[in-house]
Structures are given as C-alpha cells and as structure tokens.
1. Using label points projected 7 Å from each Cα along Cα→Cβ, tell me how many nm separate residue 81 and residue 16, to one decimal.
2. How much length is gained on full extension from residue 3 to residue 66, taking 0.36 nm per residue of separation minus their Cα-Cα distance?
3. Which parts of region 75-96 would a label at residue 52 reach, counting a residue when its backbone N lies under 13 Å from a point 7 Å out along Cα-to-Cβ?
C-alpha cells in the first residue's frame, strides 16, 4: 500500500495493526500461531516440490485428502502432531525444523517495525472507535 493511500485511510479513522495485536494474543499464543503457520507452509512446500497430490500425502500418513488440505492451511482443528507427521512423511528432518519460519533472504526492516511485529504476521486493518474519527464534512442545513 502506498503512503498516500495509507495516510488517507488513517485520516479516515482506520488503524493499522498486526493480527496478533488485533486478537490481543499473549506471547505464547503468538509463538503457537507462528509454529502452526510455519509447519503448514513447510508441509505444502515439500509436497509441491515433490510433485505429490494431497491424496498421495494422505495415503502416506493414513489420513484423508481434506485433512491434508486443512493441514496446509494451518487450520486450528488439525493437531500439531498430525502436521509434524505429514512434515516427516515428506522427508522433513529435525534440522529442517530449526529453520522453519526463517525467511530465505532476510529483508531489512525499520527497527520500530521489527520490534512491533512478529515475523511473517499479516496486517489487519480495523476501524478505530468513532471518538477518534474526525470528519471534514459540514452538516446539511434544513430549510
């Protein structure tokens, strides 16, 4: 998003924050979300690199294709145990786990942004309370 558009939205009362702030997650909950996202991406990346279908992965882990799809989307109703089972079934190792969630090429960030955001966290746009919104419109006069 360009600066001009962001400034206009902020002036209209929109607040930009990351998903963790929006949901008021604790540090432990943030780490759990990051782990779930990292392992789900790793499972999908490994499956795609091996040119396997979700059905083929499901057969390997004695599950269903729909479960693999949920695994790859990071769905909360899929246990981390099953996600790791899929990861290891696709050739993942303990060494690979250490690098999960790390970007392939680190992108420089401003210090303030790096301190306020978890790596890879999506941005959420929320509407601020009406008391913080200012309006430039003039009231319509009735005759």
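1. 4.3
2. Full-extension gain reported as 18.6 nm.
3. Inside the label zone: 83-93.
Since every read-out is calculated from the coordinates, none of them should be taken as a lab result. Because the structure is a prediction, the values reported are computed rather than measured. So basically every Cβ, Gly included, is an ideal-geometry build from the backbone, and we count neighbours across all protein chains shown.
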